[in-house]
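Each remark here refers to the structure printed beneath this line.
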Ligand code: SF4
C-alpha cells in the first residue's frame, strides 16, 4: 500500500486512525488538514483531487461538541461519520439524531449502529429544544434512526420534538429528515401534524440499487412518503437526497430525479457516496464535479427550486441556506404571480 493512498484515512482523531492503521505515523506530515474518513476505500482506489476536506475547527466546534455531550444527544454528523463535521460544527450547527443511537435497519451505506435499540426517551424532545436554543439556531435539522420495533416508528417523539423546539425557540424553522415509517400513514401524520417547515426523506439511491443498498426500505415506499407530505400541506417544503457513486448510471440518476419531482419534491441534494468503514458498500466511482453540475442543471430544468449538488453535499449540508433559497424562489414566484 503506498503512502499516497493512506492520506484520507484521517477522520476523527489520529489515535482512532492509528488503531486501525499503524503505518499512519509515518505519513502524518503529509496529511495535516487535508484528509478525511474514506476509510478502507483507499485500499482499492486512489482519491481524486476534489475529495479533500479541511479538518480545521474553531470555538464553535468546541461549543457544539460540549452541548451535544452535556445534553446526551446523538448527531448524525458523528454517527454517520460525516465528512463535513468539522466545517458544520465550526459554523455552529449540527444535525440531531433522535430516537436513540441504534437503528433497527442495516443499510449498506450507513455507519449508524444497528441492532436492538433501547427504550425511547420521552425527555429527548426537551433536550433537543435546549440544544437549539443554546446554539442560537435559526434553522434546525432533526433526523432519526429507524425504530421499526415501535408501533408508530417513534413518530410521536418526532412530533413532540418539533413542537418542543418551536416552543422554546420562537421563529426557528424546523426541518425533519424522517424514516419511511414502514409506509404507515398514521405515523407519518404524527410528524406532519406538528407542522415542520421542511419535510425530508431520502431516496438514497436509484431504483435498481435499492434492494442492495437499503434492503429494508424500497423505492416505492420512499416516493409514497414524499408524495404524502406534498399532499398534506402545499406550503410544506418537500426535500429528498440521493448519493451517487454506488454503481448507478447517469440515466438512472436522471430517472430518479424525475420520479422525485413527480412525487412532489421541490428541494434536492446530490452527493458523493463515501464508504464509512471497510464493512460497507465500496465506492464504485468518484463522480466528477462536472457531472454534479450537470445533475444540478437537469434538476433545475425539471422544476426543483432549491438544489445542492457536489461531492460533499449531504442532505443536511448547509440546510439553512438551501431553505433560504427555497423561500427566495417562493417570494420571487409570488411576486411574479402577483405582477
Ligand atoms: S452535513 Fe449534516 S450530517 Fe454532515 S456534519 Fe453537516 S450537519 Fe452534520
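The values are calculated or read from the model by the stated rules, or taken from the named source; none is laboratory data. Remember, it's a predicted structure, so these values are computed and weren't measured experimentally. Don't worry about glycine lacking a Cβ; one is built from the backbone with ideal geometry, like all the others, and counts go over all protein chains shown.
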Review point. When you look at residue 64, is it buried (at least 18 other Cβ atoms within 10 Å of the Cβ), in contact with a helix residue (DSSP H, G or I) (Cβ under 6 Å, 6 or more places away or on another chain) and at pLDDT 95 or above, yes or no?
Key: yes
**Study point:** segment 125-136, residues that are closer than 20 Å to residue 61 by Cβ and touching a helix residue (DSSP H, G or I) at 6+ places or on another chain (Cβ under 8 Å)
**Key:** 128, 130, 131, 132, 133, 134, 135
Review point. Is it the case that some residue within segment 243-255 is within 16 Å of the ligand (Cβ to nearest atom), free of Cβ contacts under 8 Å to residues at least 40 places away in the same chain and surrounded by fewer than 17 Cβ atoms within 10 Å (Cβ to Cβ)?
Key: no
Review point. Name the pairs whose Cβ atoms lie under 6 Å apart, with the first residue in segment 77-94 and closer than 14 Å to residue 320 by Cβ, the second part of a helix (DSSP H, G or I) and more than 7 Å from the ligand (Cβ to nearest atom), and 6 or more positions between them or separate chains?
Key: 92/60; 94/64
Exercise for review: Only helices (runs of 4 or more DSSP H) wholly contained in segment 137-220 count here; list those with 2 or more residues that are more than 16 Å from the ligand (Cβ to nearest atom) and either at positive phi or touching a helix residue (DSSP H, G or I) at 6+ places or on another chain (Cβ under 6 Å) (or both).
Suggested key: 155-168, 185-192
Exercise for review: Provide a single number: the residues in segment 297-323 that are over 18 Å from the mean Cα position of the chain (by Cα) and part of a helix (DSSP H, G or I).
Suggested key: 6
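One line per residue, one yes/no per condition, for (1) under 24 Å from residue 177 (Cα atoms); (2) out of contact with any strand residue (DSSP E or B) (no Cβ under 9 Å at 6 or more places or on another chain):
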position: 267; (1), (2): yes, no
position: 272; (1), (2): yes, no
position: 276; (1), (2): yes, yes
position: 284; (1), (2): no, yes
position: 287; (1), (2): no, no
position: 291; (1), (2): no, no
position: 306; (1), (2): yes, no
Study note, to complete from the structure: The condition from (1) within 8 Å of the ligand (Cβ to nearest atom); (2) closer than 25 Å to residue 182 by Cβ that residue 88 misses is numbered (2)
Review point. If you go through segment 95-115, how many residues are without any contact (Cβ under 8 Å) to a residue 24 or more places away in the chain and crowded, with 22+ Cβ neighbours inside 10 Å?
Key: 0
Practice item. List every residue pair whose Cβ atoms sit under 6 Å apart, with the two residues 6 or more apart in sequence or on different chains, where the first one lies in segment 167-178 and is touching a residue at least 12 places away in the same chain (Cβ under 8 Å) and the second, anywhere, is surrounded by 21 or more Cβ atoms within 10 Å (Cβ to Cβ) and part of a loop (DSSP other than H, G, I, E, B). Key: 174/196; 176/196; 177/315; 178/201
